[in-house]
Amino acid sequence: MFTAASPRLSRRCSVAMLGASLCGVSVLSWAAPPTLRVLTHASFDVPKPLLDEFEKTAGVKLSIIKAGDAGEMLNKLILTRANPIADVVYGIDNALAGKALAAEVLAPYAGPAAAAPSAASLPSPLVPVDFGYVTLNADKVWFAKKGLALPTTLQDLTLPAYKNLLVVQHPATSSPGMAFLASTVAANGDEADLRTRLKAPATHTAQDLYVSAELKTNRVMVKDEDVCLHCGLCAERCPTGAWDMQKFLLNTTHAGPRCRDAKPAPIATPEAA
């Protein structure tokens, strides 16, 4: 079951050269056109007439190699960098750009496309070619039948009413999955940022923080075990019910009733002579 949330993270797609010799591919005029191997993700879908037109204009024969999702595609690119399986890669987005650059699998590119205006920017040598949003889809009919309101924030998805309703791709292999993970950090800040924004900054990073669900004030309550006295006043006084201090019974060892109730024997004193 898919749910919906309002925060959206922009996703920028790119194309990059894997071989410097391809920068002049459009001027080649061999009798038999060379093959241009294009590595891309599984959802790559370009109309054949458009591909035919590109082949004619560039003087090449395209070989489209689909390598799973964008994350999986990049992993294959890294694993085969010693013996590249493609000449050009299409589909590395801003969420995966850092990993691609760190692996040094992309050749420098300074062709016309690198200087073309774009609605979004990516670090060189990636060339932006597309721009979009990663969003969540919701089955409105299902929610209406259940009498459950559609979630509107990322924090809504953490509430018990929406437990086990969200399905997302794994960020290790999926670029939308990675974008969704990044959106949660963009919306809430990472832990290091959160620790500095507390009323009492939590500088002991080895101590875990306990964070409530989003309150009606659009804030959260964060408990730091280093300063929490476990007095229960926060649970007693909080008007939003952010905390629920569970009751428990504490048993400790005591001396038995004979020890507690026994009266001390009088101390004998010597009689006067």
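For segment 193-203, name all the residues that are surrounded by 12 or more Cβ atoms within 10 Å (Cβ to Cβ) and part of a loop (DSSP other than H, G, I, E, B).
Leu198, Ala202
Do we have any residue at all in segment 11-27 that's within 34 Å of the chain's Cα centre (by Cα), surrounded by fewer than 20 Cβ atoms within 10 Å (Cβ to Cβ), outside any strand (DSSP E or B) and at pLDDT 85 or above?
no
Out of Ser118, Ser174, which single residue is in contact (Cβ under 8 Å) with a residue 60 or more places away in the chain and closer than 27 Å to Ile78 by Cβ?
Matching residue, one of Ser118, Ser174: Ser174.
Mind checking which residues of segment 156-165 are of a type in the set (S, T, N, Q) and either not assigned by TED's automatic domain parsing to the domain that holds Lys76 or not in a loop (DSSP other than H, G, I, E, B) (or both)?
Thr158
With the checklist (1) surrounded by 14 or more Cβ atoms within 10 Å (Cβ to Cβ); (2) modelled with pLDDT of 80 or more; (3) under 30 Å from Trp142 (Cβ atoms) in hand, flag the one item Gly59 doesn't pass.
(3) is the only condition that Gly59 fails.
If Val168 satisfies every condition in (1) β-branched (Val, Ile, Thr); (2) in a helix (DSSP H, G or I); (3) in contact with a helix residue (DSSP H, G or I) (Cβ under 8 Å, 6 or more places away or on another chain) but one, which is the exception?
Just one mismatch for Val168, condition (2).
What are the residues in segment 124-144 that are farther than 25 Å from Val46 by Cα and surrounded by fewer than 16 Cβ atoms within 10 Å (Cβ to Cβ), if any?
Across segment 124-144, the qualifying residues are Asp139, Lys140, Val141, Trp142, Ala144.
What number of residues within segment 171-192 satisfy the criterion of being more than 20 Å from Val211 (Cβ to Cβ) and part of a helix (DSSP H, G or I)?
5
I'd like the full set of residues that are more than 23 Å from Ala97 (Cα to Cα), over 21 Å from the mean Cα position of the chain (by Cα) and outside any helix (DSSP H, G or I), limited to segment 122-155.
Residues satisfying the conditions are Asp139, Gly147, Leu148, Ala149, Leu150.
So is Val105 touching a strand residue (DSSP E or B) at 6+ places or on another chain (Cβ under 7 Å) and β-branched (Val, Ile, Thr) or not?
Answer is no for this residue.
Of everything in segment 175-192, what is surrounded by fewer than 18 Cβ atoms within 10 Å (Cβ to Cβ), of a type outside the set (A, V, I, L, M) and closer than 21 Å to Thr152 by Cβ? Give them in sequence order.
Thr184, Asn188, Gly189 - these are the residues of segment 175-192 that are surrounded by fewer than 18 Cβ atoms within 10 Å (Cβ to Cβ), of a type outside the set (A, V, I, L, M) and closer than 21 Å to Thr152 by Cβ.
Counting only residues that are in a loop (DSSP other than H, G, I, E, B) and in contact with a Lys or Arg (Cβ under 6 Å, 6 or more places away or on another chain), which one in segment 91-113 is surrounded by the fewest Cβ atoms within 10 Å (Cβ to Cβ)?
Taking the candidates together, the pick is Val105.
Considering only residues that are free of Cβ contacts under 8 Å to residues at least 40 places away in the same chain and in contact with a Leu (Cβ under 9 Å, 6 or more places away or on another chain), look in segment 83-108 and name the one that is farthest from Pro123 (Cα to Cα).
Of everything passing the filter in segment 83-108, Ala103 is farthest from Pro123 (Cα to Cα).
The values are calculated or read from the model by the stated rules, or taken from the named source; none is laboratory data. All values derive from a computational prediction rather than experimental measurement. Every residue, glycine as well, gets a Cβ built from its backbone with ideal geometry; the counts of neighbours run over all protein chains shown.
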